[in-house]
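Scroll down for the structure; my scribbles are underneath it.
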Amino acid sequence: MNKNSSNQSQEEKVYIHPFLGEGQGVGLSLLFICLGNICRSPAAEGVMKYIVEREGREAEFVIDSAGIGGWHVGQLPDYRMRRRGAARGYDFSSRARQFSADDFGCFDLILVMDRDNYNSVMRIARNDDDRQKVRMLPDFMTNHPGQQTIPDPYYGDISDFDFALDLIEDACEGLFAYLCKNKPVGRV
């Protein structure tokens, strides 16, 4: 134990996230979910990290992603999504992992890409508290009226990856604005 740790104020306290580990002053934890955690959810993770870093708020958030299925555990995101993201200045380099019921205890918001993801996560939810954490990421889009999902680009071509990334950028910007307006961040 650091001899100065007993003198630390509440604001300086180091937060130990139960799943992700140590972070300074984390106020809100976000988990992005898609089917395999190699296209949409790692892109949303990377875009959201970029946004909070751009705004100087990275110490206030824990951001991660996971997949419904475990087929790609340990893999990097799909090379097409990494290339499309890199062309826009993003780093999509997280490793795929599978969503589990334990994630409900580790994250404040669980954001899914489409109705199938939503239904899968809701089946895993253990109680009403878990279910209240699950939200559709497309609900935060402001520039794509009528678009209710972020389609999976995996079986498509480059234009499908670009479209998914357009939607993810829109939704993440909207989510960040919503959180800044409606959820006090920056508190441990």
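The values are calculated or read from the model by the stated rules, or taken from the named source; none is laboratory data. Owing to the predicted nature of the structure, the values given are computational and were not obtained by experimental measurement. In this analysis, Cβ positions are derived from the backbone assuming ideal geometry, glycine residues included, and neighbour counts consider all displayed protein chains. Heads up: the accessible areas ignore ligands, DNA and RNA and are worked out on the full protein's heavy atoms, side chains in. Shrake-Rupley method; radii C 1.70, N 1.55, O 1.52, S 1.80 Å.
Would you be able to tell me the number of residues in the range 139-162 that are open to solvent by less than 30 Å² (accessible area, probe 1.4 Å) and either of a type in the set (K, R) or under 17 Å from A66 (Cα atoms) (or both)?
2
Can you work out which of the residues in the range 110-138 that are among the acidic types (D, E) and open to solvent by less than 70 Å² (accessible area, probe 1.4 Å) is farthest from F176 (Cα to Cα)?
D130
Could you tell me which of the residues D130, D157, D162, D139 is of a type in the set (D, E, K, R), over 12 Å from A44 (Cα atoms) and in contact (Cβ under 8 Å) with a residue 60 or more places away in the chain?
Going through D130, D157, D162, D139 in turn, the sole match is D162.
Given the condition of a type in the set (A, V, I, L, M) and farther than 27 Å from R54 by Cβ, answer yes or no: does some residue in the range 125-134 qualify?
yes
Here's a check for you: in the range 50-109, which residue that is of a type in the set (D, E) and closer than 29 Å to M122 by Cβ is least open to solvent (accessible area, probe 1.4 Å)?
The selected residue is D103.
Might you let me know whether the range 154-176 holds any residue that is touching a Lys or Arg at 6+ places or on another chain (Cβ under 6 Å) and outside any helix (DSSP H, G or I)?
Looking through the range 154-176, none of the residues is touching a Lys or Arg at 6+ places or on another chain (Cβ under 6 Å) and outside any helix (DSSP H, G or I).
Are there any pairs, at least 6 apart or on different chains, whose C-beta atoms fall under 6 Å, with the first in the range 48-63 and at negative phi and among the small types (G, A, S) and the second open to solvent by less than 60 Å² (accessible area, probe 1.4 Å) and assigned to a helix (DSSP H, G or I), and if so, which?
none
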